[in-house]
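Trainee: Here it is: the structure, laid out below.
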Amino acid sequence: MTPTAELPVLSAARCTGCGDCVAVCPTHCLEMAGPVPWLPRPLDCVECAACATVCPADAITLRSVDSE
């Protein structure tokens, strides 16, 4: 992860729980936690934005996060 990373941030209020983001993640760093996904391994995220792109509810955005 770079010093400033663009990590997915989920809006639980918008999420429908479809799991499309989990299915498309190339590094499998997203997992379902009950009805919504979460990011248990943020260091595995390659910042590809596939999760945000595939989300039909626009519930995922990428936000800059300082990794230090």
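The values are calculated or read from the model by the stated rules, or taken from the named source; none is laboratory data. For clarity, every value in this text was computed on a predicted model and none was experimentally measured. Here Cβ is always computed from backbone atoms with ideal geometry, including for glycine, and neighbour counts include all displayed protein chains.
Trainee: Show the residue pairs meeting these rules: Cβ distance below 6 Å; 6+ apart or different chains; first residue within segment 50-64 and without any contact (Cβ under 8 Å) to a residue 60 or more places away in the chain; second residue surrounded by fewer than 15 Cβ atoms within 10 Å (Cβ to Cβ) and among the basic types (Lys, Arg).
Mentor: ALA57/ARG14; ALA59/ARG14
Trainee: Counting only residues that are surrounded by 15 or more Cβ atoms within 10 Å (Cβ to Cβ) and touching a helix residue (DSSP H, G or I) at 6+ places or on another chain (Cβ under 8 Å), give me the strands (runs of 3 or more DSSP E) lying completely in segment 1-57 with at least 1 of them. Working first, answer last.
Mentor: Details: elements: 4-10, 31-33, 36-38.
Where strands (runs of 3 or more DSSP E) fall fully within segment 1-57 and carry at least 1 residues being surrounded by 15 or more Cβ atoms within 10 Å (Cβ to Cβ) and touching a helix residue (DSSP H, G or I) at 6+ places or on another chain (Cβ under 8 Å), they are 4-10, 36-38.
Trainee: Does PRO56 meet the test of being closer than 13 Å to LEU7 by Cβ, at pLDDT 95 or above and in contact with a Cys (Cβ under 9 Å, 6 or more places away or on another chain)?
Mentor: The answer is no for PRO56.
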